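The values are calculated or read from the model by the stated rules, or taken from the named source; none is laboratory data. In this text the structure is predicted, and so the values were computed from the model without any measurement. Note that we place each Cβ from the backbone using ideal geometry, even for glycine, and neighbour counts take in every protein chain shown. We work out accessible area using only protein heavy atoms, side chains counted, and drop any ligands, DNA or RNA first. Shrake-Rupley method; radii C 1.70, N 1.55, O 1.52, S 1.80 Å.
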Amino acid sequence: MYVKPKKELGQHFLKDLSIAQRIAELLSVHPGVDGVPYKRILEIGPGTGVLTQFLLQNDQFETYVIEIDRESVDYLKVHFPALEGKILGADFLNIRPDLLPTKKPDSVEPFAIIGNFPYNISTQILFKALEMRERVPEIVGMFQREVAQRVASGPGNKDYGILSVLLQAWYDIKYEFTVDPIVFNPPPKVFSGVISLRRNSTTDLGCDERKFTQVVKAGFSQRRKTLRNALKPLSPPEVALASPFMDKRAEQLSVAEFVELTSLMSERANE
């Protein structure tokens, strides 16, 4: 049975088994904020199961997969009987939370996410996982290299941006290694990068989360300008305007400094 990579789904099937094994071995069964190691993982877009085969070898957890491609689902059912009852033929971005890996319909059991993610939806996958951060203590994934670098970059780096700050507020992130296009079928036109994200100890940012996101996005919307100018549309109060942060550019602020700035932006005169 042959599965043809589909351009509209952003499919580039990994051929190198050593790289697939290396990715699988990055899972650490990170305990998350509750200190309890997860017992289930969800592979997004397994394709023909090159990574899946190595995940199934680890008896520390149960492996589930989610695949939107019907042809790939049929292939997995034939070649991986161990996945019986654990193949979700659906779109991860639109799946109901109660259908994700769990033993009980109303459960909020944690699970890790792993995969060679389609480039065209990889950023959306991260934002979806961020929404479920209390259930997702660990993420290991392959992305377009530029996206991977952006997610893992720290303050002062030209790659540091909105995605970096919003994810690093909740996860410790590490750029693991780069992957050459030649190990894929078909080869993509860009290099890939593998990163790992492990949930940090933060349970509360200490500021309004919606405002935090608003400030971060506005700050980077005109990243060449100082925050004094970039944040003008948000009508900063006097206490924020007096902050030395306002004379810096967004890429110069750490997550903690963005949290502090958000608190200042939330204050109003005479309150």
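Structure notes:
- Checklist (1) of a type outside the set (Ser, Thr, Tyr); (2) over 19 Å from the mean Cα position of the chain (by Cα); (3) in the same structural domain as residue 129 (by the TED database) applied to residue 155, failing item: (2)
- Where residue 139 falls short, out of the listed (1) among the hydrophobic types (A, V, I, L, M, F, W, C); (2) open to solvent by less than 10 Å² (accessible area, probe 1.4 Å); (3) within 22 Å of residue 207 (Cα to Cα): (3)
- Residue selected from region 1-38 under the condition of a type in the set (Phe, Trp, Tyr) and surrounded by 14 or more Cβ atoms within 10 Å (Cβ to Cβ), by the criterion nearest to residue 91 (Cα to Cα): 13
- Condition met for residue 73 (over 22 Å from residue 192 (Cβ atoms) and β-branched (Val, Ile, Thr)): yes
- Number of positions in region 233-256 that are within 15 Å of residue 160 (Cβ to Cβ) and free of Cβ contacts under 8 Å to residues at least 24 places away in the same chain: 2
- Out of 109, 146, 176, 134, sole residue that is within 14 Å of residue 42 (Cα to Cα), open to solvent by 10 Å² or more (accessible area, probe 1.4 Å) and not hydroxyl-bearing (Ser, Thr, Tyr): 109
- Extreme residue, least open to solvent (accessible area, probe 1.4 Å), among residues of region 201-230 that are in contact (Cβ under 8 Å) with a residue 12 or more places away in the chain and among the basic types (Lys, Arg): 211
- When restricted to residues that are open to solvent by 30 Å² or more (accessible area, probe 1.4 Å) and over 19 Å from the mean Cα position of the chain (by Cα), region 179-195 contains 7.
- If you go through region 62-112 and keep only what is in contact with a helix residue (DSSP H, G or I) (Cβ under 8 Å, 6 or more places away or on another chain), within 23 Å of residue 32 (Cβ to Cβ) and assigned to a loop (DSSP other than H, G, I, E, B), you end up with 105, 106, 110.
- Only a single item in (1) farther than 20 Å from residue 174 by Cβ; (2) outside any helix (DSSP H, G or I) is not met by residue 143, and it is number (1).
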